[in-house]
Structures are given as structure tokens and as C-alpha cells.
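Trainee: Structure incoming, see below.
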Amino acid sequence: MKRLLLRTKAQLRDATKPFSEAAIGALTIGMLRTTRYFDPDKTAKFFGRAAHFIGRRLREDRIGRENLKAAFPEKSPEEIETILTGVWHNLGRLGAEFAHLDHIWDHDPEHPDKPSRVEFSPRSKELFDRLRDDGKPALFFAAHLGNWELPALAAVAHGLDAAILFRRPNIESADRAIERIRAVKMGTLIPAGRDAPLRLGQALQNGQHVAILVDQYLTNGVPVTFFGRKTMANPLLARLRRQVDCPIHGTRIIRLPDGRFRGEVSEEVKPAFDASGQIDIQGTMQAVTDVVESWVREYPDQWLWLHRRWR
């Protein structure tokens, strides 16, 4: 009888799955379309407060708190809660800004003196211009920090030929809606999958600039240390560097007050080499992870602490 009940529940779950996914997909599309009718700054503030209100009741809030306590044992409970509040607000703002991706980047090449929503330091601009104009490929890494959708927009807005690795949502209808927004000004989008390494390698061979998010746990990754704790990193970036001799740079866009951002390009991150002179995959990913950790330490309330980076 117990087996029969379990089988019946599983069959019911499988039967209702298409309907639940369709409902979630329709809700996602509706929210994206509705959000576009409102002022992006005001909507971002509202979404930030809403994400904080809802998020503090989810298990991800507990995960984030545990991660923060382990990463920052010297911080008081009050400091941890302040950071976690910022994390939820950043995530909510990101959701509102995503609906406006096709026009949130207000850089106008024909009017370069017009103030932009995103500012750059002179050094970052120098590095970016050099990488754009040298006629060579390059690898960029980013993290789930600040608004992690904007670096791709920044690249295209300033003429960088970029190929971006991204992960599709599990729900097909939501995926289509999100991809339509992303495809407007974000260069060549390559979905994660079996053929992604081949396509990214070909993009480098063609002289494009390949960008990858590198701060999530990967079961079959390589071991690295992040905030003093062992975790697993995706080795794809280092493997691509082994295939193509090109520089590695980090990029991030940090959230500033009043709906503004600051974009940064890091100095070149030198890869590690093994005894045979080949790229050391683990050592290179550790060097990249060290840069990400320095970013997160600087702006802990803007990183996505809500996922299980450590297992």
C-alpha cells in the first residue's frame, strides 16, 4: 500500500508539472512585461523591499546567514543581519532592473558628454579600450555581485565583440521571455551545455572576448579555497586558457547610491603553470577565485550568499 501511495504521488506530481511550469512561466512573463511600464529606479527600490520581506521567510535566508557567519567569524550578529538585508535588497533590485535591460544602459555614442548610469575609473577605461582595440581574444570572468547582467551590456555598448556563457532557466516559457530581453544588446549568447566549451573555444579562435561567471559550486569542478574553506570551481575558464593564449581579466559592476553603478576591469590575472609548462587548471582557478574573494570582501552585501557555495 505504501509503495502504491508513493507511486500515485509521483504520477500526480509528473502529471501536474507541465501546468505548474506553465503557470510560473506565465507569471514570469507577466511580471517582466508589467515592470517595464514603471520607472526603473522606483521599481528597483520597491522590488528590493519586497525581496527582503519575502526572502527573510525562505530557507535561502538561513543559508545566507550560515555562509556569512562562516566567512566572517569576526562580525557581530547585527553586522551579519545588515549584510544579509543588503543581499536581499540587491537581488530584488536586480530583478526589477532585468526587465529594463534593453534600455537601462543609457550610454549614447553620439553624445559622449551625456552622463551615463554607469561610471568607469580611468584605469578601467584604459584597460577596456586596449582589450577592445588590440585585435586579440581575451577571457573575462565575473561573479554574482552587484548587477551581474550589466557587464555584457557595457561590453556591447562600448564596441567589444563578446561571447557570453549563460544558463537557461529550467522553464521553457520563462526562458524564451528572458532570452528576448538578454538578446538585445548582450553580444553572442552561448547557453551552458555539452557543446558550450567547443563554441566558446571557437569564439576565442575567432578573436572574440569570452565572458564566464565563475563563482558557483560545480560538483565535478576543481578544488579551490574561498574564504578559507574548500569548495569546487568550474574549470572551464582555465581550460579555455590552455587552448588559446590570451589574457584573463575580471569584470564587475558595483551598485552605487541613487540607481547608479561603477564598472571595473581588473588588471590581468596571470595563470598558473605546471612543471611541464602547461596551464595549471587548479592553480589558475585559485588565482581567479582569489580575485572574486577580494571583491566580495569589499562589497559583501552585494554578493549572492544565498546559494550553497560550500558543500
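Trainee: Where the centre of each part is set by its Cα atoms, how far does the stretch 194-219 sit from the stretch 45-84, in angstrom?
Mentor: A separation of 32 Å, based on Cα centres.
Trainee: Where in the stretch 258-297 is the amide nitrogen less than 11 Å from a point lying 7 Å along the Cα-to-Cβ axis of residue 225?
Mentor: Those under the cut-off are none; the list is empty.
Trainee: Turning to a different aspect of this structure: Can you give the convex hull volume per residue for the Cα atoms of the stretch 114-302, as a whole number of Å³?
Mentor: So the per-residue hull volume is 139 Å³.
Trainee: Applying a 10 Å radius around every beta-carbon, put 256-267, 143-154 in order of their mean neighbour count, most first.
Mentor: My ranking of the peptides, most packed first, is 143-154, 256-267.
Trainee: So if each residue of separation counts as 0.36 nm, and I subtract the Cα-Cα distance between residue 130 and residue 243, what length gain in nm does that give?
Mentor: Full extension from residue 130 to residue 243 adds 38.5 nm.
Trainee: If you don't mind, there's one more thing I want to ask. Starting from the Cα-Cα distance between residue 78 and residue 119, subtract it from 0.36 nm times their residue separation and give me the gain in nm to one decimal.
Mentor: Here the segment from residue 78 to residue 119 would lengthen by 11.6 nm.
Trainee: Can you give me the relative contact order of the stretch 114-302 as a percent, contacts being Cα pairs under 8 Å and 6 or more apart?
Mentor: 28 percent
Trainee: Add +1 for every Lys or Arg and -1 for every Asp or Glu among the other residues with Cβ under 13 Å from the Cβ of residue 262, and state the total.
Mentor: Within the 13 Å Cβ shell, the charges total +2.
Trainee: Want the number for residue 217 to residue 198: 0.36 nm per residue separation, take away the alpha-carbon distance, what's left?
Mentor: 4.7 nm
Each reported figure results from applying straightforward, stated rules to the coordinates on display, with no laboratory input. What you see is a predicted model; the values in this text were computed from it and never measured. Glycine gets a Cβ as well: all are built from the backbone with ideal geometry, and neighbour counts include every protein chain shown.
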